[in-house]
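Beneath this line is the structure, given in structure tokens, with notes to follow.
The values are calculated or read from the model by the stated rules, or taken from the named source; none is laboratory data. Every value quoted in this text rests on a predicted model; they were computed, and no experiment measured them. Cβ placement follows ideal geometry from the backbone for every residue including glycine, while neighbour counts extend to all protein chains displayed. SASA here: full protein model, heavy atoms, side chains in, ligands and nucleic acids out. Shrake-Rupley method; radii C 1.70, N 1.55, O 1.52, S 1.80 Å.
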Amino acid sequence: MTDIKIRDSKGNISIPVPLIKKINKFLIDQSEINKALKIDIDKIKAINKAEKKQTLELKKSFDICEKIINKLLTNKN
């Protein structure tokens, strides 16, 4: 891989810097971080979906219980 040479304000070439390697490493690191974050987000979405389903099931159960209680109270009177 070719080093990129940096020029100063006068146009003189300064010390060669393996900039491409540094940029490549940075991008690989960012890619790994993004993959880890995506996995975490996917896990959170799955948990939220499961919790939403469970909440709906609980609401249905409470609705059924409420109907039963209302029928019992109505029949009692």
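Tell me yes or no: at least one residue of region 9-31 is surrounded by fewer than 10 Cβ atoms within 10 Å (Cβ to Cβ) and either basic (Lys, Arg) or modelled with pLDDT of 90 or more (or both). I'd like the intermediate steps shown before the answer.
Within region 9-31, the first condition is being surrounded by fewer than 10 Cβ atoms within 10 Å (Cβ to Cβ), and the residues that meet it are 9-15.
Filter once more, so that each one left must be either basic (Lys, Arg) or modelled with pLDDT of 90 or more (or both): 10.
Yes, some residue in region 9-31 is surrounded by fewer than 10 Cβ atoms within 10 Å (Cβ to Cβ) and either basic (Lys, Arg) or modelled with pLDDT of 90 or more (or both).
Out of Lys67, Lys38, I need the residue that is open to solvent by 100 Å² or more (accessible area, probe 1.4 Å), within 11 Å of the chain's Cα centre (by Cα) and at pLDDT below 95. Which one?
Details: Lys67 fails: within 11 Å of the chain's Cα centre (by Cα).
Answer to the check: Lys38.
Remark: pairs (first residue in region 19-35, within 18 Å of Ile6 (Cα to Cα); second residue among the hydrophobic types (A, V, I, L, M, F, W, C); Cβ separation under 6 Å; 6+ apart in sequence or on different chains) = Leu19/Ile4; Ile20/Met1.
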